[in-house]
Amino acid sequence: MPELQRLHAAHAPAVLAFELANRAYFAASVSDRGDEFYDRFTARHRALLAEQEAGICAFYVLVADDGSVLGRFNLYDFEDGGAQLGYRVAQHVAGRGVATATVRELCRLAAARHGVRTLRAATSHENVASRKVLTKAGFVPVGPAGPADLGGKSGTWFQRDLAVKP
């Protein structure tokens, strides 16, 4: 059974493999990270771990029984009891409820481990799957998200009060 784990240094090879294997799939719905992301992956991974250690973000990976990464689920920009959520799942598990179940679990962790009371996430209008995940996980639309929020695309901000269970 897949397990949601806090990101650590040993995850780097599996995370890179996940990103490379799903690059084209992700680029169809979110802005491509570009070659530099992959070329500088090791340094970027270390930087994320430093941010996590500083307490300003929390990064999680959904790990399959074989050690491969099925998804990334990130809490970032902790401020005044709030945080933002970002996530992506592998193409081969998309549409199976994996993202929804994991976002729900991350909502529980955000409140219990990180003291987050309000979680926000933005998704583009074209990313219908992500909009469904957020809605099923108890998020409600709260306003427009502009190109600066979504790498050049327009969309919607969603929010969930973590004190309320869907």
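Results, tabulated for the structure shown:
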read-out	value
Residue match in the range 62-71 (condition: farther than 23 Å from V142 by Cβ, crowded, with 21+ Cβ neighbours inside 10 Å and in contact with an Asp or Glu (Cβ under 8 Å, 6 or more places away or on another chain))	yes
Filter result (of a type in the set (F, W, Y) and either under 14 Å from the mean Cα position of the chain (by Cα) or surrounded by fewer than 17 Cβ atoms within 10 Å (Cβ to Cβ) (or both)) within the range 17-61	F18, Y25, F26, F37, Y38, F59, Y60
Inter-residue pairs, beta-carbon under 6 Å, first touching a residue at least 60 places away in the same chain (Cβ under 8 Å) and in the range 44-62, second in a helix (DSSP H, G or I), 6+ apart	L62/T102
Residues (touching a residue at least 12 places away in the same chain (Cβ under 8 Å) and either in contact with a Lys or Arg (Cβ under 6 Å, 6 or more places away or on another chain) or not basic (K, R) (or both)) located in the range 22-43	N22, Y25, F26, S29, V30, S31, F37, Y38, F41, T42
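Each row is one residue, and each column tells you yes or no for (1) farther than 13 Å from R160 by Cα; (2) not aromatic (F, W, Y).
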site: C57; (1), (2): yes, yes
site: Y60; (1), (2): yes, no
site: S68; (1), (2): yes, yes
site: D77; (1), (2): yes, yes
site: G86; (1), (2): yes, yes
site: A90; (1), (2): yes, yes
site: A101; (1), (2): yes, yes
site: T135; (1), (2): no, yes
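Bear in mind these aren't lab numbers, they're just calculated from the coordinates by the rules spelled out. Computed from a predicted structure; not experimentally measured. Cβ sites come from the backbone with ideal geometry, for glycine too, and all protein chains shown count toward neighbours.
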